[in-house]
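Data block below; observations after.
The values are calculated or read from the model by the stated rules, or taken from the named source; none is laboratory data. Only a predicted model underlies this, so the values are computations on that prediction, with no experimental measurement involved. So basically every Cβ, Gly included, is an ideal-geometry build from the backbone, and we count neighbours across all protein chains shown. Quick note on the areas: whole protein, heavy atoms, side chains included, nothing else; ligands and nucleic acids left out. Shrake-Rupley method; radii C 1.70, N 1.55, O 1.52, S 1.80 Å.
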Amino acid sequence: MMRAWGNRYDTVVVDEPFYAYYLRATGKAHPGAGEVIATGETDLRKVVAHLTGPIANGKRIFFQKQMTHHLLPEIDREWLGVVTNCFLIRDPREVISSYIKKRKDPALEDLGFVQQAEIFDFVRTRTNAVPPVVDAKDVLQNPEGTLGLLCEAVGVEFSNSMLSWPPGLRDTDGIWAKHWYGEVAKTTSFQRYRPTSSEVPARLREIYRQCYECYERLYEHRLH
């Protein structure tokens, strides 16, 4: 999704701006954590000021890729009222299958589903409206249609430039891209949806159940 928006001429993107703060605050042993903390912004006030301030480079759209679990409970949610919030959801079985390739034993809070549901409820209450939700499977099965619905929902015109992009990493990718974005860097468009054949490991099935409850709640509101 960040590739699609980043390929628009009128859009600037930012990649996981709370990641450095999250790693410093939690001490999580993520790949390259020390480098992320050393090079990232860990002052919450500065992060929020950047996200709610003027858009850089004369652009008119600021696409902010956030990971819901990075928004720790102590981070004030009120700034979310200044931006337009959209929610990308994905079947937790696929999320877990992907995540455990890098970290074998995630806790519930590492996967972000509970936080996503909480933030969704906050935004819905704050705006008195249901924020746009898109499912990753829908994006892959029908990129133009799903992105068209998303653009309509947030009040911008769809651009065909969102459907393809040059391969490789970007200056706008976080410094962690070398650890996490290997497959993304090979792409030039949205890849055909391929359901995962992996089963959820027995040790993670209760976590999966809790994640799926959150996923189902948001799935009811997905654009389709």
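The accessible area of Glu199, taken with all protein chains in place and a 1.4 Å probe, comes to roughly 140 Å². Charging the Cβ of each Asp and Glu at -1 and of each Lys and Arg at +1, and nothing else, the dipole of region 48-172 about its Cα centre rounds to 320 debye.
Taking the 1.4 Å solvent-accessible surface of the chain as the whole, the part contributed by carbon and sulfur is 51%.
Based on the Cα gyration tensor of region 79-207, what are the three equivalent ellipsoid semi-axes, each the root of five times an eigenvalue, rounded to whole Å and given largest first?
That gives 25, 22, 15 Å for the three semi-axes.
For Trp165, the residues whose modelled amide H falls within less than 5 Å of its own, excluding neighbours fewer than 5 places apart on the same chain, are Ser189. Computed from phi, the 3J(HN,Hα) profile of region 76-86 under the Karplus parametrisation 6.51, -1.76, 1.60 (θ = phi - 60°) reads 4, 7, 4, 4, 5, x, 8, 10, 8, 9, 10 Hz, with x in place of Gly and Pro.
Within the chain, DSSP assigns beta bridges of which about 10% are antiparallel (rounded to the nearest 5).
Excluding ligands, DNA and RNA, the accessible surface per residue across region 93-224 is 57 Å² with a 1.4 Å probe. Within the same chain, lysines fewer than 8 places from Lys102 are excluded, and of the rest, those with a Cα less than 16 Å from its Cα are Lys28, Lys178. A simple rule links phi to the HN-Hα coupling: the Karplus curve 6.51 cos²θ - 1.76 cosθ + 1.60 with θ = phi - 60°, which for region 24-38 gives 5, 6, 9, x, 4, 8, 7, x, x, 4, x, 5, 4, 5, 5 Hz, with x for Gly and Pro. Dipole magnitude for the chain: about 480 debye, using +1 per Lys or Arg Cβ and -1 per Asp or Glu Cβ, origin at the Cα centre.
More than 25 Å apart: what percent of Cα pairs in region 29-125 qualify?
Within region 29-125, distances greater than 25 Å cover 29 percent of Cα pairs.
Highest mean packing first, where packing is the average number of other Cβ atoms within 10 Å per residue, the peptides 134-140, 14-20 line up as 14-20, 134-140. Here the contact order of region 1-89, divided by its residue count and restricted to Cα pairs under 8 Å and six or more residues apart, works out to 38 percent. Computed extension gain for Asp171 through Ser98, at 0.36 nm per residue and net of the alpha carbon distance, reaches 23.8 nm.
Give the lysines whose C-alpha is closer than 18 Å to that of Lys59, dropping any in the same chain fewer than 8 places away, or say none. Output for Lys59: empty list, no partners.
Taking 18 Å as the straight-line reach from the Cα of Lys46, the lysines in range (excluding those fewer than 8 positions away in the same chain) are Lys65. Quotient of the Cα radius of gyration of the chain and 2.2 N^0.38 Å, N being its number of residues: 0.99. Considering only Ser159, Gln191, Thr172, the residue lying farthest towards the positive end of the dipole of region 132-194 is Gln191, judged by Cα position with unit charges set on Cβ.
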